[in-house]
Each structure stands twice: as C-alpha cells, then as structure tokens.
1. Would you work out the relative contact order for the chain, in percent, from Cα pairs under 8 angstrom that are 6 or more residues apart?
2. Got a number for the accessible area of Glu162? Probe 1.4 Å, square angstrom, nearest 10.
3. Hey, what's the per residue convex hull volume over the C-alpha atoms of the stretch 1-87, in cubic angstrom?
4. Send over the Kirkwood Rh of the stretch 153-309, from the inverse of the averaged 1/r over different Cα pairs, rounded to one decimal Å.
5. For a protection proxy built on the mean count of beta-carbon atoms within 10 angstrom, sort 199-211, 385-397 highest first, please.
6. Going by average Cβ density within 10 Å per residue, which order do the peptides 219-227, 341-349 take, highest to lowest?
7. Over the chain, average the accessible area per residue using a 1.4 Å probe and give it in Å², no decimals.
8. Return the carbon/sulfur percentage of the accessible area of the stretch 260-313, one whole number, probe 1.4 Å, all protein chains in place.
Amino acid sequence: MKSLPEIRKYNGIDTLFVKDEPFIVLSGEIHNSSASSLEFMKKNVWPNLQGLNMNTVIIPIYWELIEEKEGVFDYSILDGIVSQARENKMHLILLWFGLWKNSESSYVPAWIKRDVDTYFHARKVNGEAINTISPLCQAAIDKDANALAHIMAHLKEIDQEENTVIAIQVENEIGLLGTDRDYSKEAESEFAKHVPPEIEKEFSVSGSWKDCFGDEAGEYFMAYHFAKAVEYITKAAQKEYNLPCYANAWLKQYPWYAGSYPSGGPIISMYKMWKLMAPSLFCFAPDIYVPYVPQIMEEYSQKGNPLFIPEVRKDAVTASYALYAFGKYNAIGYSPFAVEELSMDPEDIDKPPMEVMIALNIDPSAFDIKGSKAYLSRVYELMENIKPLYFKYRGTSKLQSFVKKSEYDFGAFLHFQKYDMQIAYAPKQPYKPVAAGMIYEISENSFYIIGMMCSIKILPKPGENVKVEILKFEEGDFYKGEWKSRRRLNGDEKIALNLKDMPSCFYVEVYKF
C-alpha cells in the first residue's frame, strides 16, 4: 500500500507527496456554503471548474450538518463530495468549519449554541459576550476534537486507498474580533497568572502575561490558547487518520491593532507562539486579499514555514502571483477564493458590498474576474507540465523568478553563471496579469523562459568586452515534462524577447563574441 499524503523534505524543501509522488496543489477554494448541497455542487460548482486545469478543490465541511444531533454523525454530504471529486478527477483539501470560522462560532451545532453556560463565549472588557466560543472552554474543544476525530476515522475507511482528500485545514481564520483578548472570568483568572513554563523557556520571560508581553500581552495570551486548542483538536484528528493539517490566517493589516483583525490567530508576528503550541500543523497559511501579495508571500515563507496560499484574490493578476509563488517560494499550493465564479459572466457575480470591503480592508479589485480564468488556467497548465523541470531546479540559483510588485516596480536584474538578464516590466493594465516569470538555466548558455508582460535582454557579465547574440530561439511548450518546439524564431523576431499577456514559453541558446 502506498503511503498517505504527507509533507516530506525533497532536495531539502518541504513538499507535499501524494501517492509517493511530489505534488503541486493547483487549486481554488469554493464559496462558504456551496458544499452544503450536493445538488448545488453538481449543477453550479463542478461544471464551472472545467477548463481551469486544477488538480485540487478546497471545500468546507460543516460541524452543524455533520453532528446536528449530539453524538450522531451524518456523513452523507461528505461522502457525496468525495464521490463527486473522484468523478471530476480532483483531489480535495477539506476546511473544518468547527468551533471557529472567521473568528466567530457560527458553524457549531445548535445544541452547542443553545448551551452558553457549558460552552461559554469570549467577552469584551465591558463584559459583553461576542459570538466566539472561548478557546479556554475545554468542554467545547473536547466536542470539536471528538467530531473531527470521527470524521477522520470515516475518511480513513472510505479514502485511505484513493487519497482523494490530501490535507485538512483545522478551523478557519481563528481569533477574536472587536477585542484584544477574552475578558471572561475564566480568561481573567488565567491572564493574571504567571505564564506557563514552556512560554518562560521559549521566550526567555518571567511573570504575568502583562509583565512578559506588555501592550501585546492580550494577543500573545489569545495566540497561546487558540494554538493550544488547535493542537489538541489536530492531534485527536491525526490519531485517527494522519493527514497533513494546517491553520489559515486572516492577515494582520490596517488599522493594525489586535481585534481589528482576529487577535490570537496564526499571523506572522505570532508565529513563534503558534509553532511552539501547535507543532502538529505543517504550516500557517495566509489568506491574501491585500494589494501587496508578494510581500505577504515573503513573510509567510520565512522561519521554516512552507508557503501555502488557501485563499487569495481572483482577478487577472492572481495568475502572475501563482507563477511567482511557485517559482520564488516553492509554494505547496495556490488557491483563489470563489474559484467557481471564474467561469461566470462578471455581470452575474455578486461582489461584497463596498462597506464590507472597507470594514475588512479588502482591495475591491481582488474580485474583478474579467480575463482571470484564461490566465490562471494557463499558469496551472504550465505548472503541471513542467513538474520534472521544476522539481529538479527549484530552490537553486538555476531557477529564478520575478514579478511586478507595485506600480513603481519597473523591472528586475537577474544573475546567472555566465550571463545577466535585464527584465523590463510592462505597465499594469486593466484585466491583465502583471509581469511575472520563471527562468531556468539548463546549461551555461541555454535557458527556458516562462512568463508574461515583460521584455528580456541577455547581457554579458560586467567587465567583459563582448557582445551576446542568440544562437537558437524557439517558441514552444512543455508536455508532460518534455519541451516541444512550435517554431524557430530568427531575423527580426529574435531582436527582443517580448512576453505578452498570455503566459508563454521560450527556449534560448546564446553565445558571446
């Protein structure tokens, strides 16, 4: 029997393996409520995913539907989703909408919601309860862990051979909104105590939470308790069926204070706390709707955290960021949100109201889908077909990647063994990707160039009194890892290497004279 999906080191890089082969998650996440109806999925979701060259769909599963009656588990929708995925030749990553979803406890079963004494809520400093069950409520954590453990045991029964489901997201965008921490009587008691010994040791501190962390004490306190709860739930789940698990983050963003974004979630400034308290998670994954996507990718690929992007903007530039995520940061996967909408008429799509986008600090252009399907589909097709090349060269100086990071980013200058490359970015245009690409140095004089929206000059090294000329210039494509030349370019066509809006591939050999 082949091993389960798992994260392994592959040439020193954290890599998802599925059926003992390195795997790139070319994905999209569907809308929150789409998977509550198999009929809706069949009619409105699966057909819209055709032509996107995806290999994985990220789909929620809902505690309130699976354990509607305490202790009685209904797997009919889960079984149906797995079956539909197999019919559509897709893998699944399941989002566990359990105790916490977007900081609230909106997906817990009714029997949990009604019993507020047993399953107590977090409170603001004025005593007001918020719609979030406290992570200090062990009774609720026990019930969540029990539910997810039952689900994992069931998945093991129905999917251990198929490996349709390849990973689990535990909860969704955890934290507290509207308050820096929980001020319930249970939380107040814990907050006044000395920090636990493992925190003293790891952070080299001593005293109460306030003594140790000052103005950030509330957020560190909540990160400790949320991470501890998620670890408890994850371990119970993996004991039944040991799939890779991760947690996602609502980003720390303007106006920057804890509670304006979910306080205590796995944001990058809380990475050390989360890594300490939730070691069973393979990564902490950013949900990215801000305009500065490359900056977030860089932040979440540091400190040994593998980059996985389960939610991201879905406009045309997302194709550029996907290519860059894989080329620059060895991303495990990439996944625009509400991916089923990319096949729809833009006029038929309901965007979040402007006041909601303002309140959540979401860039409105993130929801403009015009042109997005064709560009993203092409990038996913390329990534699938260059896998042998990609896995051979990623993480080395022989694969270099670039992207236009801002309005004032005009290009890049890349250094290879015997040549340098000057990349000039095209100006940003509506409904088109931004400049992005990968360059593979396959010998000291030959390169594969993959990308869009830029022009490239190949230059000699500084101080060399030589010129560089093109020996061979081919336009083509990759198919199952093999280069297939479509036509040889020469004459005027080889004066400049110009990459247009649709991602394209070239093979170039050069010489000096």
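1. Relative contact order of the chain: 12 percent.
2. So the heavy atoms of Glu162 present about 90 Å² to solvent.
3. Per-residue hull volume (Cα only) is 142 Å³.
4. For the stretch 153-309, inverting the mean 1/r across all distinct Cα pairs yields 16.6 Å.
5. 385-397, 199-211
6. Ranking the peptides 219-227, 341-349 by packing returns 219-227, 341-349.
7. Ligands and nucleic acids excluded, the figure is 42 Å² per residue.
8. Answer for the stretch 260-313 is 55 percent, counting heavy atoms of protein chains only.
The values are calculated or read from the model by the stated rules, or taken from the named source; none is laboratory data. Worth saying up front: this structure is predicted, and the values here are computed from it rather than measured. Positions of Cβ are backbone-derived with ideal geometry, glycine not excepted, and every protein chain shown enters the neighbour counts. Accessible surface is based on the protein model in full, side chains and every heavy atom, while ligands, DNA and RNA are left aside. Shrake-Rupley method; radii C 1.70, N 1.55, O 1.52, S 1.80 Å.
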